[in-house]
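Notes follow the structure.
The values are calculated or read from the model by the stated rules, or taken from the named source; none is laboratory data. From a predicted model like this one, the values you see are computed outputs, not experimental measurements. For neighbour counting, all protein chains shown are included, and Cβ atoms are generated from backbone atoms with ideal geometry for every residue, glycine included.
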Amino acid sequence: MFKRIDNKLAEELLEQAKQSPRKRAVLVLHDPAKDNIQIMLNAMLEKTYFQPHKHEDPDKFETFSILLGRAIIVGFNECGDLEECLDLDKRGSNKAIVIPSRTYHSIIIPESPGYAVLFENKEGFFDKETDKRFAPWAPSESQKEEAEEYLRQLEVKVDIYYNKKSCSLL
């Protein structure tokens, strides 16, 4: 019948993320064998690394809605330059984002509050071989030290991005 998504479920998923070496946990809410859409809850903690990637071939747009905490969605151009950021905050004004297909993106979980639970959906069936095209200019998750350094540098760039926007509003 109904699949209820409530705070209890989101908090349980956060507990799973705390036990994960990757600092995140996913709950699949669709039937991968028959549903032509992917629907998931993603719980993630500060310092988790999402290698920038895009969805193409086949093209798939992706949406995120914030349920708990805070996440910054980062968009890049083809060369790896930061193009745009959107701060999804349960207590803020931004609640959701639609990421077009063929758009490199990643997620950062800020120190405060240090966690996020996102509702995600993506069109199309899941195929591990074609789901994501990883950015060639960013380290893979398996390159632990390089990934940690890349994430640190990206966090600095995001801070600069928001500081420039704040200054331009004055």
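Only a single item in (1) of a type in the set (S, T, N, Q); (2) at pLDDT 95 or above; (3) more than 12 Å from the chain's Cα centre (by Cα); (4) within 26 Å of Ile5 (Cβ to Cβ) is not met by Ser112, and it is number (2).
Give the residue that is surrounded by the most Cβ atoms within 10 Å (Cβ to Cβ), with candidates limited to residues of segment 125-147 that are in contact with a Ser or Thr (Cβ under 9 Å, 6 or more places away or on another chain) and in contact (Cβ under 8 Å) with a residue 12 or more places away in the chain. For segment 125-147, the residue satisfying everything is Ala138. Among the residues in segment 17-33, are any closer than 18 Å to Ala116 by Cα, surrounded by 13 or more Cβ atoms within 10 Å (Cβ to Cβ), of a type outside the set (Lys, Arg) and in contact with an Asp or Glu (Cβ under 6 Å, 6 or more places away or on another chain)? Checking segment 17-33: not a single residue is closer than 18 Å to Ala116 by Cα, surrounded by 13 or more Cβ atoms within 10 Å (Cβ to Cβ), of a type outside the set (Lys, Arg) and in contact with an Asp or Glu (Cβ under 6 Å, 6 or more places away or on another chain).
Of the candidates Ile39, Ile72, Ile66, the single residue that is touching a Pro at 6+ places or on another chain (Cβ under 7 Å) and modelled with pLDDT of 95 or more is Ile72. The lone criterion from (1) touching a residue at least 12 places away in the same chain (Cβ under 8 Å); (2) outside any loop (DSSP other than H, G, I, E, B); (3) not hydroxyl-bearing (Ser, Thr, Tyr) left unmet by Pro113 is number (2). Right, Leu86: touching a Phe, Trp or Tyr at 6+ places or on another chain (Cβ under 7 Å) and either surrounded by fewer than 14 Cβ atoms within 10 Å (Cβ to Cβ) or at pLDDT 95 or above (or both) or not? In short, no.
Condition check ((1) closer than 14 Å to Asn42 by Cβ; (2) surrounded by 18 or more Cβ atoms within 10 Å (Cβ to Cβ); (3) modelled with pLDDT under 95) across all residues:
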position: Ala96; (1), (2), (3): yes, no, no
position: Pro100; (1), (2), (3): no, no, no
position: Ile107; (1), (2), (3): yes, yes, no
position: Val117; (1), (2), (3): yes, yes, no
position: Glu120; (1), (2), (3): yes, no, no
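Each row is one residue, and each column tells you yes or no for (1) part of a strand (DSSP E or B); (2) of a type in the set (Lys, Arg); (3) over 13 Å from the mean Cα position of the chain (by Cα); (4) under 25 Å from Gly124 (Cβ atoms).
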residue: Glu11; (1), (2), (3), (4): no, no, yes, no
residue: Pro21; (1), (2), (3), (4): no, no, yes, no
residue: Asp57; (1), (2), (3), (4): no, no, yes, yes
residue: Ala71; (1), (2), (3), (4): yes, no, no, yes
residue: Leu86; (1), (2), (3), (4): yes, no, no, yes
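Just give me the residues in segment 54-66 being surrounded by fewer than 17 Cβ atoms within 10 Å (Cβ to Cβ) and not acidic (Asp, Glu), in sequence order. Of everything in segment 54-66, those that are surrounded by fewer than 17 Cβ atoms within 10 Å (Cβ to Cβ) and not acidic (Asp, Glu) turn out to be Pro58, Phe61, Thr63, Ser65.
Of all the criteria given as (1) over 20 Å from Thr48 (Cα atoms); (2) in contact with a Phe, Trp or Tyr (Cβ under 9 Å, 6 or more places away or on another chain), the one not satisfied by Ala147 is (1).
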